[in-house]
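Computed from the coordinates by the stated procedures, all read-outs in this text should not be read as laboratory data. Worth saying up front: this structure is predicted, and the values here are computed from it rather than measured. With ideal geometry, Cβ positions are generated from the backbone for all residues, glycine too; neighbour counts draw on all protein chains shown.
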Amino acid sequence: MNQLVVTEADLHAYVDGLLSDARSEEVAAYLAVRPEEMARIHAYREQNEGLRALFNPVLDESVPPRLAAADPASASSSPYWRLAAGLLIAIVSGAGGWMLHASVQTGMLAGSVIKNADSNIALAGFARQAAIAHGVYTPDVRRPVEIGADQEEQLVAWLSKRTGADMHPPKLGKLGYELVGGRLLPGDSGSPVAQFMYQEAGGQRLTLYVSTDQAQNSDTGFRFAQQGTVNVFYWIEGKFGYALSGGVSKGELARIAHAVYDQLESRPQ
């Protein structure tokens, strides 16, 4: 009797609904007796949903003026424009066409006015990368981080060495969020960026994105941005850029961002 062979490509095609009915039934039977593999399938589907929530709004955006000028016949309904948007979703790290839609706020956080993110392109790009990274990694069940919180000392040493700066994660246990771990990511300019992930008892996750190449940005005001289901509070402190992202309400995220800011400010420089 021939043993059923299911490849990694089959699993991804199964998640995306690209298999024939017969092959889909075979893969389903394969997964039915392999709970760990089924958990991966669920994680892939959750990740896809997170990406759709982040990037589907791009499909409804109008064609940028510079592109419309180059090709007057193009429009947001053009299949070429929608193909380009699809490619942006597929190659997340290159999502240069995606913009965060922020609004002017009147509240105060840590003594700073929350300002319009669109007033500074560099800051908008920084928050954009943080939201993308949050959407990509938080749904992952098996490997949401590269180094877990059980190896926090090694995590701190590794991230600090790679970024050339102190990368101790803030403690958010009193707010109900425990450190899951962290990973290294590429920033806008290619410089290393640290991402710390936190999780509360109900499974809700937050990420803190820390960049070290923001020295050119002189505006240190707190800013709020939103894309899909992801809310982001971000700010600049010297050469550091911080972005706290999560699917929680704006008020809850502001409270946590305030606690993060206070801890960072109290550390010896």
Q. DSSP loop GluC sites (Glu not before Pro) in the range 142-214 with at most 16 other Cβ atoms within 10 Å of their Cβ, which ones?
A. 146, 200
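Taking 0.36 nm per intervening residue step and subtracting the Cα-Cα distance, what contour gain separates residue 184 from residue 252 on full extension?
Gain on stretching residue 184 to residue 252: 21.9 nm.
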(Q) Report the Cα centroid-to-centroid distance between the range 135-166 and the range 234-261 in angstrom, as an integer. (A) 18
Q) Under a 5 Å amide H to amide H cut-off, with H placed in plane at 1.01 Å, what residues pair with residue 204 once short-range neighbours are removed? A) none
Q.
Using the Karplus curve 6.51 cos²θ - 1.76 cosθ + 1.60 with θ = phi - 60°, what ³J(HN,Hα) values do you get for each residue of the range 166-179, in whole Hz, with x for Gly and Pro?
A. 5, 10, 6, x, x, 9, 10, x, 5, 9, x, 10, 9, 5
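Within a Cβ distance under 13 Å of residue 147, other residues only, what is the Lys/Arg minus Asp/Glu net charge? Please list the in-between numbers first.
On the way: positive: 143, 161, 162, 183; negative: 146, 150, 152, 153.
Summing Lys/Arg as +1 and Asp/Glu as -1 gives 0.
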Q) Which whole-Hz ³J(HN,Hα) couplings does the range 149-163 yield from phi under the Karplus relation 6.51 cos²θ - 1.76 cosθ + 1.60, θ = phi - 60°, glycine and proline marked x? A) 5, 5, 10, 4, 4, 5, 4, 4, 4, 5, 5, 5, 5, 6, 8
